[in-house]
Amino acid sequence: MKVVLPEEKVFNKKQLAVYITIIVICILSIVIALYVQFYARIDVGRMLGLETESELGSKTEEETELLKAQFEQIFTNRIENAEGQDNKKKESDKPLVYTKTERKESKLNCYDIEVHIPYINIENTKVDEYNKQIEDFVKKTNSVLESQDKNTIYTVEYVANVKDDILSLMIRSNLKEGSSAQRVIIQTYNYDLRNNKEITLAEVLKIENLAQSDVQERVKNEIGIAQKKVEDLKNLGYNIYSRDIARDIYQVENSGEFYLNNNTLYIIYAYGNETFTSEMDLIVL
């Protein structure tokens, strides 16, 4: 009995080149997809029109003014959303941001304090720097408690949120010492959980598909309007904090205080960070 073996399939050079090309394209597609998903943060669904447009940057004037009016109400002294971030925690049994120091106390003619001071629960040297800076609020609290000759009101509150793997924390402190002017300080900390680094406003705008030039024009216009109101009030005899639109702080790349939640980006110019005033400007996107 004669056994006939199947012929070996021989690829010619042209076929081989085609197969190699297909394999290379597949590998490159996988690499690009992984980069887009984990590093570039390009929203493929949004690019293909499969998702609804983000609310960021598309609010009406009425919605924007309402959010500004309700700004003080967003400080809930907790993190609003941090699902799926347990692997980043330093202390696994606690939230990504939690209240570390909390105190409410008053002493007649001396002080009245209520503080909720947060701690960022992430194992990272940059975050350690953040927490060290936040400790200044604890030091100020202790200083107020030790004072005996001033009638001091001091409050600290915060809110935090995670959106698109960006942890955003905003702390607001209000200080009134005796006859001194009221001072409101706002500090924000924005951290890229995906790439374990600090993130800038310009980077956030890119991730959220907001044109930096459009945002810069918005800042310029709103600060200009605020300054016009200041000038009108000064003409009436009021002493109001003046804005200088030419200052570098109003450049997007230099705007360090911002807070991102699920549907809104707040850019904050808190002038109390520099001097004794409660004046601030909010750009709401």
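The values are calculated or read from the model by the stated rules, or taken from the named source; none is laboratory data. The structure displayed is predicted, hence computed values, not measured ones. Cβ atoms come from the backbone with ideal geometry, glycine included; neighbour counts cover every protein chain shown. Note: accessible area is taken over every heavy atom of the protein model, side chains too, but ligands, DNA and RNA are not part of it. Shrake-Rupley method; radii C 1.70, N 1.55, O 1.52, S 1.80 Å.
Look through segment 104-128, keep the residues that are more than 26 Å from the chain's Cα centre (by Cα) and closer than 16 Å to V138 by Cβ, and return whichever of them is most open to solvent (accessible area, probe 1.4 Å).
K104
Going by the structure shown, is Q227 part of a helix (DSSP H, G or I), closer than 26 Å to V159 by Cα and open to solvent by less than 70 Å² (accessible area, probe 1.4 Å)?
Details: part of a helix (DSSP H, G or I): yes; closer than 26 Å to V159 by Cα: no; open to solvent by less than 70 Å² (accessible area, probe 1.4 Å): yes.
No.
Against the condition in contact with a helix residue (DSSP H, G or I) (Cβ under 7 Å, 6 or more places away or on another chain) and either crowded, with 18+ Cβ neighbours inside 10 Å or under 11 Å from Y259 (Cβ atoms) (or both), how does V162 come out, does it pass?
Judged against the criteria, V162 is not a match.
Output the number of the condition that F276 fails; it satisfies all remaining conditions of (1) open to solvent by less than 70 Å² (accessible area, probe 1.4 Å); (2) in contact with a strand residue (DSSP E or B) (Cβ under 7 Å, 6 or more places away or on another chain); (3) more than 22 Å from L169 (Cα to Cα); (4) not in a helix (DSSP H, G or I).
Unmet condition: (1).
With the requirement that a residue be in a helix (DSSP H, G or I) and either of a type in the set (A, V, I, L, M) or closer than 21 Å to A82 by Cβ (or both), what does segment 182-215 give you?
Once the filter is applied, which keeps residues that are in a helix (DSSP H, G or I) and either of a type in the set (A, V, I, L, M) or closer than 21 Å to A82 by Cβ (or both), segment 182-215 yields L201, A202, E203, V204, L205, I207, V215.
Only residues that are surrounded by fewer than 20 Cβ atoms within 10 Å (Cβ to Cβ), at negative phi and either free of Cβ contacts under 8 Å to residues at least 40 places away in the same chain or not charged (D, E, K, R) (or both): list them for segment 187-198, please.
Pass one, segment 187-198, residues surrounded by fewer than 20 Cβ atoms within 10 Å (Cβ to Cβ): 192, 194-198.
If we keep only those that are at negative phi as well, we get 192, 194-195, 197-198.
Passing the criteria: D192, N195.
Just the residues that are among the hydrophobic types (A, V, I, L, M, F, W, C) and modelled with pLDDT under 95, please, taken from segment 167-192.
The one that is among the hydrophobic types (A, V, I, L, M, F, W, C) and modelled with pLDDT under 95: A181.
Which residues, taken from segment 199-226, are of a type in the set (G, A, S) and in contact (Cβ under 8 Å) with a residue 12 or more places away in the chain?
A202, G224, A226 - these are the residues of segment 199-226 that are of a type in the set (G, A, S) and in contact (Cβ under 8 Å) with a residue 12 or more places away in the chain.
Give me the pairs: first residue in segment 227-244 and at pLDDT 80 or above, second residue open to solvent by less than 100 Å² (accessible area, probe 1.4 Å) and charged (D, E, K, R), beta-carbon distance under 7 Å, and six or more apart or on different chains, which are they?
Q227/R243; V230/R243; I240/K234; Y241/E279
For segment 199-224: of the residues being open to solvent by 80 Å² or more (accessible area, probe 1.4 Å) and touching a helix residue (DSSP H, G or I) at 6+ places or on another chain (Cβ under 8 Å), which is farthest from T60 (Cα to Cα)?
Top of the filtered list is K206.
Within segment 37-60, is there a residue that is at pLDDT 65 or above, loosely packed, with under 13 Cβ neighbours inside 10 Å, of a type in the set (D, E, K, R) and not in a helix (DSSP H, G or I)?
Here is the first cut: in segment 37-60, the residues at pLDDT 65 or above are 55-60.
Still in the running and loosely packed, with under 13 Cβ neighbours inside 10 Å: 58, 60.
Checking which are of a type in the set (D, E, K, R) leaves us with none.
No, every residue in segment 37-60 fails to be at pLDDT 65 or above, loosely packed, with under 13 Cβ neighbours inside 10 Å, of a type in the set (D, E, K, R) and not in a helix (DSSP H, G or I).
Mind listing just one residue for me: the one in segment 81-103 that is open to solvent by 80 Å² or more (accessible area, probe 1.4 Å) and in contact (Cβ under 8 Å) with a residue 12 or more places away in the chain and, of those, nearest to D165 (Cα to Cα)? Write out each step before concluding.
At the first step, the residues of segment 81-103 found to be open to solvent by 80 Å² or more (accessible area, probe 1.4 Å) are 83, 86-87, 92-93, 100, 102-103.
If we keep only those that are in contact (Cβ under 8 Å) with a residue 12 or more places away in the chain as well, we get 83, 100, 102-103.
Details: E83: 10, K100: 23, E102: 27, R103: 31 Å.
Among those residues, the one meeting the criterion is E83.
Being among the hydroxyl-bearing types (S, T, Y) and part of a helix (DSSP H, G or I) is the filter; apply it to segment 82-135 and report the residue that is farthest from N151 (Cα to Cα). Step through it out loud before you land on a result.
At the first step, the residues of segment 82-135 found to be among the hydroxyl-bearing types (S, T, Y) are 92, 98-99, 101, 106, 111, 119, 125, 130.
Restricting the remaining residues to those that are part of a helix (DSSP H, G or I) gives 125, 130.
Details: T125: 38, Y130: 30 Å.
Applying the filter and picking the extreme gives T125.
Given the criterion in contact with a Ser or Thr (Cβ under 9 Å, 6 or more places away or on another chain), hydroxyl-bearing (S, T, Y) and open to solvent by 10 Å² or more (accessible area, probe 1.4 Å), identify the matching residue among Y259, Y241.
Y241
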